[in-house]
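Notes to accompany the following structure.
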Amino acid sequence: MAQRSRAQTADHIRHLLETEGEAIHEHASASNERRGATYAATDDIEALRTEARAIKEDAIDRLPDLIETVREAVEANGGTVYVADDAADANAYVADVVETRTEENGVAGETDTPSVVKSKSMTTEEIDLNDALAAEGIDITETDLGEWVLQVADDTPSHIVGPAMHISRAEIADLFNERFDPDEPFETAEELTQFARDHLGERITEADVGITGANFVVADSGTIALVTNEGNARKCAVTPDTHVAVAGVEKLIPTLSDLEPFVDIIAKSATGQPISQYVTMLSPPTDSPTLDFDSPEEPITGGDGAETTDGTGDPDRDFHLVLLDNGRMDMREDDQLRETLYCIRCGACSNSCANFQSVGGHGFGGETYSGGIATGWEAGVHGQDSAAEFNDLCTGCTNCVDACPVKIDIPWINTVVRDRVNRSSEPESYDFLVDGLTPDAEEGGLDPGKRFFGNIGTVAKAASATAPVSNWLADAGPVRSALERTLGIDRRRDLPTFQRESLVDWFEKRGGVAASSRRTDQAAARGSGADLDREVVCYPDVYTNYVDVDRGKAAVRTLEALGVPVRVPDLPESGRAALSQGMIATADEQASELYAAVAEDLDAGRDVVVIEPSDLAAMHREYERLLPEASFERLRENSYEICEYVYGLLENGADPSALSTGDGAEPIAYHSHCQQRTLDLEAPTVAVLEQCGYAPATSDAECCGMAGSFGYKREYYELSTDVGERLQTQVEDADTVVASGTSCGDQLETLLERDVPHPIELLAPGGRRP
Amino acid sequence: MTVDTVGRFERALEGLEVGLERVSAADAGERIERTIDEPAVGAPLPFEGVSLPEGVTTEPTAGELEAARTGVTPVGFAVAEYGTVAIESTPDGAEPISLYPDRHVAVVAESDVVPDLSAGFERLAEGFDAGRDSVVFATGRSATADMGNLVHGVHGPGDVDVIVLEDR
Ligand code: SF4
């Protein structure tokens, strides 16, 4: 794999931030907001998403049958189906159809070139159809305005839905003024649109063949569903007498009734519209008369096509459905990549992604597809190398999981591909230093930076044991430059300060479980405890245990004050760090070890309380893939986020006045955490803060931009800061800012240049204290 | 019930900046005439006692279609929830007539306005069974944001009017 160097990657990202960032952010974030509002206003959105996913699961399961079904249906309608193995196969077939049809119609003479109009289709981008047809001497014009802008600019799409989203109006105007040299220079969107409409209108009326994609293909009726706002797909499909639809095989759904939920949800997820302007459902060849603008005097309905009643449409019409495999049937066999085939290409995942909002698809994409799900598509259709280069930009924040209308676990697909990329790397410059610190389950060849962050628990343990020396060392110039060189840790980042005394040690020293029970009894005697007979295992995640020990202490004190005895055993890592580097084998091992370590507590009826949201998310989401089902369920049902747990205690009668309370309306800014939001756990923290006398204002920025180790990496420093600044502007006016995640807190502390504690530190009895 | 449904249809269309007029069959011709910009082309209206006004050319030539400023077509049914009209691909050219001219005037019987998308899909399925298996759900006006701002009337109509035949 031709890897860019860190410096090259950083340069490329910086360039995109400067050139395309603004336009992308404006459009993607607006679409995302509209999607959020529309989802929220749709009563049955969850049912709709569940149904849509179920239909896709079933359709992909039955795909070979559906291909036969659609072949029969289209042939019965009078059209042809061609299943193309790969890009070359599909392109050759389409070129052949175009040449044959133009010859038959006698319009392709020596001087006349066959002409094709096309409506937007990522699938034809995937196979580079335009280049292939041009090589055959065929004239091809994009009719979707965004695609056409790209064609004129000789640029590539940066978004599945808004391909030219990265180009501003002013840039389009400049481009068109230069290229078309109008009498009056174009300025407004109206002028540009009017020009495009006229120019493209002519191309459409002259064209020999119209090519479209298909958003869905209904197998049993041979119906092509096209979803557009402009109307160009309708024109391309019905104006020339020949229509070629090119669609990936995964677009097949069984019946017309299966189409309904998708018609209902696709625009909602793509742009936040309730429904698109045109949902075109054609079972071609259609009964619509062909339009021959070369003979303007002939009635359009006067040809042989008039009064067709035999159910095979206008006999002048020709229709070809090209179903593209190009790796999809193999993806179907791949347990990890299969989900990608459920994708309906709405772009919601991209719009919801903070990194995408900053750098767009040209930062994210492989050869064709962009955004979070691109990794799955590229790995499937173009191979791993195409997916590898930038799947790094996925921080695993899970914003897209809530946005995706078919509930694809996009972060997991990214993790899987990362893992496969790791495994395919050649063992090289093996770093003995990292090697010594990293007793993981991975094979050689893994990038040292990944390996370091994936084993952060071991690193932290060693650093804590040698603190404060390790901290001085880490801050020293030569060490920072070595860290940057070997591990890619940007020297502009503050490194975590490791504490000499870990949370586990602190807890033991103050008397362990026995002391905790004593304190709890005192709280009960004061009547501040909850009406619950519970015991808690407080999970010492790496950061809480070695770096942010204060929030661990605050959690312990809070639980005790509310009447719950706590234990803080030395527990294995959750696997979160390994997962974020794509080290699935390591994560799998750690998940098993952690489960084994808490099994007895679970059997004894104890609750597991987790402070770091990303660790809880590992237990509640990824462990489903790593643990036996019963173990996963058991741990998930008995593990809680700290503030969620406190909320439960207050609901069960615990007295909030045992905690540090505000004056009832004390304004604070609260930044939850991406994965915490996906787990619906922002609300309990807000509720607890309110019950304790604060008036929290929550941030709605998609991400803090740090997301685990992501923000430490040298190549992503500027991107991380760009994302962080959007959050910064939302919270900076508040006197007190609290954040639930370590990385969120780190990022905010750097940008705001002040302390950003965990909410539990604000709430703990006695307030913030060492 | 029907009245409510048409009311809901009207509100949805308002949000899309599409006009809706309710008329009786007897008044329809006159009202359509007032709505159109000439030259106009049309597909024959299949409602008893309702005919297209004089100035609307049916069976247009390709040249007339290209030059027309208004296209008048019947629609099979409408979905009140979203303000959608269902345009069928018919041999008399309803689909291109509804698409090419800058203004589309859609004529629908009140009894064919269904409340929501599910009811719309039931009607769609009935049509498919009867061989009417190419249908466009058109909602509002053609639009694009690709040139930097939202602009209406790109490849399709920039103006849409809906006429509901109250006694049908
Ligand atoms: S993965 Fe989901 S959200 Fe992303 S484009 Fe596909 S369907 Fe849309």
**Study point:** Segments classed as helices (runs of 4 or more DSSP H), wholly inside region A:610-689, with at least 2 members that are among the β-branched types (Val, Ile, Thr)
**Key:** A:642-651
Point to revise | Residues located in region A:213-232, provided they are touching a strand residue (DSSP E or B) at 6+ places or on another chain (Cβ under 7 Å) and closer than 19 Å to A:LEU256 by Cβ | key: A:ALA214, A:ASN215, A:PHE216, A:VAL217, A:VAL218, A:ALA219, A:THR223, A:ILE224, A:ALA225, A:LEU226, A:VAL227
Review point. Of the residues A:GLU125, A:GLU99, which single one is part of a helix (DSSP H, G or I) and within 16 Å of the ligand (Cβ to nearest atom)?
Key: A:GLU125
**Study point:** Cβ-Cβ under 7 Å pairs, at least 6 apart or on other chains, region A:402-422 side under 13 Å from A:THR678 (Cβ atoms), far side more than 14 Å from the ligand (Cβ to nearest atom) and in a loop (DSSP other than H, G, I, E, B)
**Key:** A:PRO411/A:GLY396
Check your understanding: Counting just the residues of region A:102-125 that are touching a residue at least 12 places away in the same chain (Cβ under 8 Å) and more than 20 Å from A:ASN232 (Cβ to Cβ), which one comes out surrounded by the most Cβ atoms within 10 Å (Cβ to Cβ)?
Key -> A:THR102
Check your understanding: Of the numbered conditions (1) charged (D, E, K, R); (2) under 30 Å from A:ILE67 (Cβ atoms); (3) in a helix (DSSP H, G or I), A:LYS120 satisfies every one except a single condition; which is it?
Key -> (3)
Practice item. Among the residues of region B:141-168, write down those that are more than 9 Å from chain A (Cβ to nearest Cβ) and touching a His at 6+ places or on another chain (Cβ under 6 Å). Key: B:GLY158, B:VAL160
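Table: residues versus (1) surrounded by 19 or more Cβ atoms within 10 Å (Cβ to Cβ); (2) over 21 Å from A:SER660 (Cβ atoms).
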| site | (1), (2) |
| --- | --- |
| A:ASP490 | yes, yes |
| A:THR497 | no, yes |
| A:VAL504 | yes, yes |
| A:ARG510 | no, no |
| A:SER517 | no, yes |
| A:ASN545 | yes, yes |
| A:LEU571 | yes, yes |
| A:THR586 | yes, yes |
Exercise for review: May I ask you to list the residues in region B:36-57 that are surrounded by 19 or more Cβ atoms within 10 Å (Cβ to Cβ) and in contact (Cβ under 8 Å) with a residue 24 or more places away in the chain?
Suggested key: B:ILE36, B:ALA40, B:VAL41, B:GLY42, B:ALA43, B:LEU45, B:VAL50, B:VAL56
Practice item. Sort through A:ARG345, A:ARG328 and tell me the only one that's of a type in the set (Lys, Arg) and either without any contact (Cβ under 8 Å) to a residue 40 or more places away in the chain or away from the ligand (no atom under 12 Å from the Cβ) (or both). Key: A:ARG328
Practice item. Report whether or not A:TYR640 is surrounded by fewer than 24 Cβ atoms within 10 Å (Cβ to Cβ) and in contact with a Ser or Thr (Cβ under 7 Å, 6 or more places away or on another chain). Key: no
Review point. Only one residue in B:ALA138, B:ALA119, B:ALA106 is out of contact with any Lys or Arg (no Cβ under 8 Å at 6 or more places or on another chain), more than 7 Å from every other protein chain (Cβ to nearest Cβ), surrounded by 23 or more Cβ atoms within 10 Å (Cβ to Cβ) and modelled with pLDDT of 95 or more, so which one is that?
Key: B:ALA106
Check your understanding: In region A:181-217, what residues are over 19 Å from A:LYS120 (Cβ atoms), out of contact with any helix residue (DSSP H, G or I) (no Cβ under 6 Å at 6 or more places or on another chain), more than 12 Å from chain B (Cβ to nearest Cβ) and open to solvent by less than 80 Å² (accessible area, probe 1.4 Å)?
Key -> A:PRO182
Review point. Can you tell which of A:ILE265, A:ILE344 is more than 7 Å from chain B (Cβ to nearest Cβ) and either in a loop (DSSP other than H, G, I, E, B) or modelled with pLDDT under 95 (or both)?
Key: A:ILE344
Study note, to complete from the structure: Of (1) part of a helix (DSSP H, G or I); (2) surrounded by fewer than 19 Cβ atoms within 10 Å (Cβ to Cβ), A:VAL83 fails just (1)
Check your understanding: Given A:SER288, A:SER257, which one is in contact with a helix residue (DSSP H, G or I) (Cβ under 6 Å, 6 or more places away or on another chain), of a type outside the set (A, V, I, L, M, F, W, C) and facing chain B (nearest Cβ under 7 Å)?
Key -> A:SER288
Check your understanding: Can you tell me how many residues in region B:122-135 are at the interface with chain A (Cβ under 10 Å from one of its Cβ atoms), buried (at least 16 other Cβ atoms within 10 Å of the Cβ) and of a type in the set (D, E, K, R)?
Key -> 2
Study note, to complete from the structure: When region A:158-180 is checked residue by residue, the ones that are more than 16 Å from the ligand (Cβ to nearest atom), buried (at least 17 other Cβ atoms within 10 Å of the Cβ) and not small (Gly, Ala, Ser) are A:HIS166, A:ILE167, A:ARG169, A:GLU171, A:ILE172, A:LEU175, A:PHE176
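Here's the yes/no breakdown for (1) away from the ligand (no atom under 16 Å from the Cβ); (2) over 16 Å from the mean Cα position of the chain (by Cα); (3) modelled with pLDDT of 95 or more:
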site	(1), (2), (3)
A:SER269	no, no, yes
A:PRO299	yes, yes, no
A:PRO315	yes, yes, no
A:HIS320	yes, yes, yes
A:GLU333	yes, yes, yes
A:SER352	no, no, yes
Practice item. Could you please tell me which pairs satisfy a Cβ distance under 6 Å, a separation of 6+ or placement on different chains, a first residue in region A:371-392 that is charged (D, E, K, R), and a second residue that is open to solvent by 10 Å² or more (accessible area, probe 1.4 Å)? Key: A:GLU378/A:GLY366; A:GLU378/A:SER386; A:ASP385/A:MET1
Review point. What residue, of B:ALA67, B:ALA78, is open to solvent by less than 10 Å² (accessible area, probe 1.4 Å) and not basic (Lys, Arg)?
Key: B:ALA78
Check your understanding: Which one of these is in the same structural domain as A:GLU644 (by the TED database), under 24 Å from A:PRO468 (Cα atoms) and at pLDDT 90 or above: A:VAL549, A:VAL556?
Key -> A:VAL549
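The values are calculated or read from the model by the stated rules, or taken from the named source; none is laboratory data. The structure displayed is predicted, hence computed values, not measured ones. Using ideal geometry, Cβ is built from the backbone for each residue, glycine included, and neighbour counts are taken over all protein chains shown. In case anyone asks, the SASA skips ligands and DNA or RNA and just uses the protein heavy atoms, side chains included. Shrake-Rupley method; radii C 1.70, N 1.55, O 1.52, S 1.80 Å.
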